[in-house]
Amino acid sequence: MIFYAVNLPVQIRTDYRCCKFNTTHFLTLLFLLGMGFSTSADNSNQSKFESICINAIRTENFALAQQVCEKQLQQAEQQNNLSSVLALYIALANTHRHLGNDELFSDYLTQAQQHPLFETASESKYQWLRLKAIRLHHTKNLAASNELFSAALQLAIDINDEKKISDSNIDLGISAVAMGDFKTALNHYRTSLELTRQMNDPYATGLSLKSVADAYMRLEEYSAAIKYFDSALSHYEKYTEEPFYDHRVHNRMASVYEGLMEAHQTSGQTVEAKHYVELFEQSQASLSNDHDRASGMVQQAKQLIELEDYAAAIKKLISALNLFQAEGIKNPAEVNYLLAKVYQQTEQLDLAVNFALQAIQSTSDKQTNSPITGQSYLLLSQLYAQSNPAKALRYANAYNQSREVFLNTKYNTDLKTIQHQIELEKNQNKLVTSQLENIKQKVKIQTLNNKYLRALLLLVVLTALIIYLYVKKKRQQTDLLASINYHKNQLAVLSLSTSPKELQADDNSPQKVNQASVNEMLVQIMHDATNLWVEITGENLIELADRSKIWTITNDNGTLRARSLEKYLDIQKIPKNPRWRNVVRTCHFVLAEPTLNPKHRNQLNARLESVIQVIKEFYGTGK
């Protein structure tokens, strides 16, 4: 929805104000250009013309906003975009209200009302009703403004827009507070709170909570006001954590600082009050809206009064009075009362009486229980105590009557019931929020548990795999050692000669094995062993000779050679009396390599068994 910045009198003003970016026209135009391409969900139904104009108004640089909106209106009219023209009439009315151009404000509202789409354009009609009602509220025409606020609420209900229903309930709550009807006000605030919580909108919830806090301030229930101010502040702070939040919320927070400052100060909590004074003063540095600057000056004047620096306080209050009057608030009650109070302290009694009377006159006839009205009566009774006891008594009686009405309202049973219901709903909302947080924590814990269980399961599987591989490798090593030991035992039991055994006397008995076949078998198994070595280790024959310590390595003109090993790889070069033991030991060394797979080990082992049997058969047993 389109949200227009508006200003209410300081004594009942809640959350109609927005902050202004302190930028040059150039930077502001860049800002508007960027905003024109990215509008919020609330503005999803706005045309480009409306979006650019509304973004200009949000900067609160109203002189520039007027130029921007008039240009957009001209373009919309040229394109015959009737809905945009209607919305821009209302936007320009709002702009001229801020600029203090009452005649143009009324002209644009009239043009909007006479527009052919006015009755059917619910969005524009809703804004028109609120804008006109706020203007009437400022001029103290509370009955008429309340009627228009009610019409806006009914329209929001008809179109079933929860955000607008919430906003209108806040409007009616403010109006009810201005008329001293706190029961009705709290009922409206309660409805707004329910809606904003359902929408899960921290910004709107903060707005509702701030309005409730303002009502408690008027009822002089400062502890309750502080509680709701704190809650509103926490919601605003939560809203600022969103990625693309509306930076005007900082000005809302400044109004909460203002309320907390006053509530703590009135309650005698000076340390807390000083803290919020500092926060409030920091927030005022970026303000350029006359109404907001005036409000800040009033708060600073209060601090100066506490410090008894009355001259400085008068300067602040006069400056604030001028700013309020420039904004169209001709007779601000709070400023008049504070000036009367300061002039009483400086013994300028005529001025004190004059401003006290203006404070009473500036309040509505229906606000007989206004705190400012009551305090002004009390101040007048004190001022006339010496010079005119009759008048002093009359004003004292008026003060007592005002307090009696106020106390009757404050301790009204129905009002207390509504306050209790708001508090109960607030506690229920806290309970629901707490339960949701607990559920989130449980889900988070369960997720972590699942991760830990998966990690533990993976660790168990990896451990089991490592153990399996270790046992398998151990078993292979055991089998290899057993095979090697077997061959060693075979060699140990053999008492072999270095030459072939004599043939049997029977010359006709053919010899089954000869030297040539033995040599051929030795060369073949050496090829098998060395090829397997190179394949599994990637090392050459020199490294095999070096690591095994079986074969001699020589240096031929700077080149390392294992000539003794190489001879056993060529049938033409193998010695006539081959050292078959070195061949067997070489095979054992290769078989002992840990990286040798079982298949190759079994193949080489089987060939070695055959070679040993042939050697045993050929050479025989030596003596």
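Please label the shape of region 169-256 as rounded, prolate or oblate, based on the square roots a ≥ b ≥ c of the eigenvalues of the alpha-carbon gyration tensor (a/c under 1.5 means rounded; beyond that, a/b larger than b/c means prolate, else oblate). In terms of gyration-tensor shape, prolate.
Starting with the highest mean, order 463-474, 163-174, 584-595, 388-399 by the number of other Cβ atoms within 10 Å, averaged over the residues of each peptide. Mind dumping the intermediate values first?
Working: 463-474: 10.2, 163-174: 24.6, 584-595: 17.8, 388-399: 15.3.
Descending packing order for the listed peptides: 163-174, 584-595, 388-399, 463-474.
Please report, to one decimal in angstroms, the Kirkwood hydrodynamic radius of region 101-182 built from all distinct Cα-Cα pairs.
On the way: mean 1/r = 0.0764 Å⁻¹.
Every distinct Cα pair counted, the radius reaches 13.1 Å.
Counting only protein chain heavy atoms and rolling a 1.4 Å probe, the accessible areas of Met179, Met526 rank, largest first, as Met179, Met526. From most to least packed by mean Cβ count within 10 Å, the peptides 82-92, 602-612 give 82-92, 602-612. Overall shape: prolate for region 170-322, with the ratio a/c of the largest to smallest alpha carbon gyration tensor axis at 1.5 or above and a/b above b/c.
Would you mind classifying region 307-404 by shape? Square roots of the alpha carbon gyration tensor eigenvalues, ordered a ≥ b ≥ c; an a/c under 1.5 is rounded, otherwise it is prolate if a/b is larger than b/c and oblate if not.
Working: a/c = 2.28, a/b = 1.26, b/c = 1.82.
Oblate.
The mean accessible area for residues of region 543-623, using a 1.4 Å probe and ignoring ligands and nucleic acids, is 58 Å² per residue.
Hey, any idea what % of region 516-605's accessible area is carbon plus sulfur with a 1.4 Å probe? Don't jump to the answer; show the numbers that get you there.
Working: 2300 of 4930 Å².
It is 47 percent, rounded to a whole number.
For region 80-92, 3J(HN,Hα) computed residue by residue from phi via the Karplus equation (6.51, -1.76, 1.60; θ = phi - 60°) reads 6, 8, 5, 5, 5, 4, 4, 4, 6, 4, 5, 5, 5 Hz, glycine and proline entered as x.
Compute the semi-axes of the equivalent ellipsoid of region 562-606, taking the square root of 5 times each eigenvalue of the Cα gyration tensor, and list them largest first in whole Å.
Numbers: eigenvalues 117, 21, 18 Å².
Each semi-axis is the square root of five times an eigenvalue, giving 24, 10, 10 Å.
Largest first and in whole Å, the equivalent-ellipsoid semi-axes of region 516-623 read 22, 19, 11, each the square root of five times a Cα gyration tensor eigenvalue. Per residue, the solvent-accessible area of region 204-273 (1.4 Å probe, heavy atoms of protein chains only, all protein chains present) comes to 36 Å². Taken one residue at a time, the phi angles of region 232-239 give Karplus couplings (6.51, -1.76, 1.60, θ = phi - 60°) of 4, 4, 5, 5, 4, 5, 4, 5 Hz. Gly and Pro are set to x.
Here the Karplus relation 6.51 cos²θ - 1.76 cosθ + 1.60, evaluated at θ = phi - 60°, turns the backbone of region 538-547 into coupling constants of x, 9, 8, 5, 4, 5, 5, 5, 5, 6 Hz, with x for every Gly and Pro. Give the residue list of chymotrypsin sites (Phe, Trp or Tyr not before Pro) in region 157-262 that are DSSP loop and have at most 13 other beta-carbon atoms within 10 angstrom. Of the chymotrypsin sites (Phe, Trp or Tyr not before Pro), the ones in loops of region 157-262 whose Cβ has at most 13 other Cβ atoms within 10 Å are Phe244.
Could you grab the Rg to Rh ratio for region 219-302? Cα atoms only, Kirkwood for Rh. Could you put the intermediate results ahead of the total?
Details: Rg = 13.0 Å, Rh = 13.3 Å.
My calculation of the ratio gives 0.98.
With a threshold of 24 Å on the Cα-Cα distance, the over-threshold entries among Lys238/Lys440; Lys210/Lys315; Lys164/Lys440; Lys125/Lys163; Lys71/Lys125; Lys567/Lys616 are Lys210/Lys315; Lys164/Lys440.
The values are calculated or read from the model by the stated rules, or taken from the named source; none is laboratory data. Remember, it's a predicted structure, so these values are computed and weren't measured experimentally. Methodologically, a virtual Cβ is constructed for each residue, glycine included, from the backbone with ideal geometry; neighbour enumeration extends over all protein chains shown. The protein model used for the area step is the full one, side chains on, heavy atoms only, and it has no ligands, DNA or RNA in it. Shrake-Rupley method; radii C 1.70, N 1.55, O 1.52, S 1.80 Å.
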